[in-house]
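Notes for the one structure printed next.
Each reported figure results from applying straightforward, stated rules to the coordinates on display, with no laboratory input. None of these values were measured; they are calculated from a predicted model. Virtual Cβ from ideal backbone geometry, glycine too; neighbours counted across all protein chains shown.
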Amino acid sequence: MRTTRMKLLYKNAIQLNVLTDKGFVFLMLLFSAFVSNAQDTTQVQSTHLQKDTTTNKTEEKKSFYVEAGSYGTKRIPTPPEYVKTLNTIGIKRFENVSWLDIGLDNRTRFEYRANDIRRPYLASDYPFLFRTRAYIGIKEIVDPFRFVLEVSDAFRVNSKFARDNRDFNRVEPISLYAELHFKKAFRQDPYGNNRPFFIRFGRQNFEFLDRRLIGSNQWRNTTNTFNGFRAALGQDKNDWQLDLLALKPLVRLMTKLDTTDRQTQFGAAIFHWRRWSRIITIDPYLLYLRQTKNEQDPTRDRRIYNIGTRIYGYLTREINYDVVYNQQLGRDNNKKHRAYSFTAEVGYRFSYGWKPRFSLFYGYVSGDRNPDDNVNNRFERFFGFARPWSADDYVVMENIIAPKARVEFEPGKKIKADVSYSFYWLASKTDRFNNLFNVPTNEHAENRDKTGQSGKFLGHGPDGRIRFEVLKFMKSAVGYSLFFNGTFVKNRQEVALNKSAWGSSFFYIETLINFPEILKLL
């Protein structure tokens, strides 16, 4: 039987090798085959370490994984939360179907934006944003082979501004991949959890670390997607885990199927060490970005390396921390690339009443110091999730200084709320404020003053939101934020618009419906 499985894997490797212009797939699949073959031997050799089946099931309920607890950094899991295994939806005829995952959800959000500084002119806007996702996944029944398809349909109505691919991406596969999955590739961890190995090939979306550099961008109407490989040794439950990425991002097209950006390569190696996770989790990582010339930029030649480490944990039951440092090196066209970022959050959660948590956050992300020298200091933000920086989506991880104070609390069992106050400065007054006048993307936006005379202060303001469960299958959120313009924003508005505003406001209400949960009620 083992020989038959090996032959099938070798055959699959030869077939999939046609799909890529390099032999990487072939080599990885061969490695998978050898892992599978060695797995049986390893299990025999380590029989004396195994306990009985009942004990193993008990031990596998334990986990080394501890959630960081910092604001806005909880990753969207794979598969996402709206997905259910068919035998859990409450239909008797499917109670034994544990190999099929299904999901269908819809999010509708109404926004009110007054004087949105991202837009090319000052106005009030009342858009409705719609996003529907459907998911189907096959697992376990034909292991090691697995398959996933996820489709999203995103669009916007009732807006006075031009369409853009932040809000529009009609009927698009955001996951379409095949997977080789080996549940017991290596020895179990000290809690008795299996240490699996998998490799996925195809279109994928996912989130890593604190989401600021690699995120699917769930707040935005459209999703960050990639074509290529993702491999992992271990799982979240284990005391250590290694994730490997070799991908090309997709170019989002509003009404056509997305295309692969063949001039961009993205890679990552992310290690997770959780042995002492009740106190500290350590995530060292290396990210790589390679961009060559395209139609929009015939001289582009970028090679960026990001070396980073994230550490987080709990000093006591009440006090948690989350610290991340990134150092970037490489070449950016004809310049050296030297940039860095630092974020830190410390929080204290009270154990009584509404379980309030008070936290302080500080973020520093470098900007280009001198536009006329041969060094670029502007931080490369890769494919991150911007919302933790600002509730109104004004700030991205580039050229920014951002201190914040926040309070989170739970007024009811199914109600969560948070309020915060934030301040923003440019890290370098001679570099740009990326999102100013830049949605849709405008290469000629007046969002940079190379002389530095427009100042550094961007603005400040409060924000708050309430999240609650309306029904078992329906969740809602209501949020509001104010942004008081600082000297830089006002000065650039005078240059671009011949007038300036005091600030802007943003209100939204959204509803998320999970259709498999409705089936449970029937």
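In whole Hz, with x marking every Gly and Pro, tabulate ³J(HN,Hα) for region 307-320 from phi via Karplus 6.51 cos²θ - 1.76 cosθ + 1.60, θ = phi - 60°.
Per-residue couplings from phi come out as 9, x, 9, 10, 10, 8, x, 10, 6, 9, 4, 9, 9, 10 Hz.
For a footprinting-style exposure proxy, rank Leu257, Leu244, Leu233 by other Cβ within 10 Å, fewest first.
Listed from fewest to most nearby Cβ atoms, that is Leu257, Leu244, Leu233.
Which residues among region 188-231 fall inside the zone where the amide N is under 19 Å from a point 7 Å beyond the Cα of Ile279, along Cα→Cβ?
Output list for this probe position: 190-191.
What helices does the chain have that are whole DSSP H segments, at least 30 Å long along their own axis by Cα, and with mean Kyte-Doolittle hydropathy of -1.0 or more?
Membrane-span-like by this criterion, though nothing is claimed about a membrane: 24-45.
Tell me, what ³J(HN,Hα) does each residue in region 410-417 have, in order and in whole Hz, if you take phi through Karplus 6.51 cos²θ - 1.76 cosθ + 1.60 with θ = phi - 60° and put x for Gly and Pro?
With coefficients 6.51, -1.76 and 1.60, one gets 10, x, x, 4, 10, 10, 10, 9 Hz.
Which ³J(HN,Hα) values, rounded to whole Hz and listed in residue order, are derived for region 397-406 from phi using the Karplus coefficients 6.51, -1.76 and 1.60 in 6.51 cos²θ - 1.76 cosθ + 1.60 with θ = phi - 60°, glycine and proline given as x?
Using θ = phi - 60°, the values come out as 7, 6, 6, 8, 10, 9, x, 9, 10, 9 Hz.
Thr88 versus Lys293, label points 7 Å from Cα toward the beta carbon: distance in nm?
Each label point is offset 7 Å from its Cα along the Cβ direction, giving 5.2 nm.
Modelling each spin label as a point 7 Å along the Cα-to-Cβ direction, I'd like the Lys256/Asn498 distance in nm, to one decimal.
Spacing of the two 7 Å Cα→Cβ label points: 3.9 nm.
Of the listed values (i) 26.0; (ii) 24.2; (iii) 23.1, identify the label whose number matches mean projected area of the Cα convex hull in nm² calculated from this model.
Recomputing mean projected area of the Cα convex hull in nm² here picks out (i).
In a shell of Cβ-Cβ distance under 11 Å around Ile76, excluding Ile76 itself, what net charge do Lys and Arg (+1) and Asp and Glu (-1) give?
+1
List the aspartates and glutamates whose Cα sits under 12 Å from the Cα of Lys62, skipping any in the same chain fewer than 8 residues away.
Once the sequence-local aspartates and glutamates are set aside, what remains near Lys62 is Asp189, Asp236, Asp239.
Among the aspartates and glutamates, select those whose C-alpha is under 18 Å from the C-alpha of Lys293, and discard any that sit fewer than 8 residues away in the same chain.
Partners found: Asp261, Asp301, Asp332, Glu380, Glu443.
Cross-chain or 8 or more residues apart, Cα under 15 Å: how many lysine pairs in region 367-522 fit that? Count them up, please.
Pairs that pass both the separation and distance tests number 11.
Could you please rank His337, His444, His272, placing first whichever residue has the fewest other Cβ atoms within 10 Å of its Cβ?
Ordered from fewest to most neighbouring Cβ atoms within 10 Å, His337, His444, His272 come out as His444, His337, His272.
Roughly how many debye, to the nearest 20, is the charge dipole of region 51-521 about its Cα centre, given +1 on each Lys and Arg Cβ, -1 on each Asp and Glu Cβ, and no other charges?
Details: 77 positive and 54 negative charges, 81 e Å.
The dipole of region 51-521 has a size of about 400 debye.
How would you rank Ser175, Ser422, going from fewest to most other Cβ atoms within 10 Å of each one's own Cβ?
Least crowded to most crowded, the residues run Ser422, Ser175.
State, as an integer percentage, the relative contact order of the chain based on alpha-carbon contacts under 8 Å between residues 6 or more apart.
12
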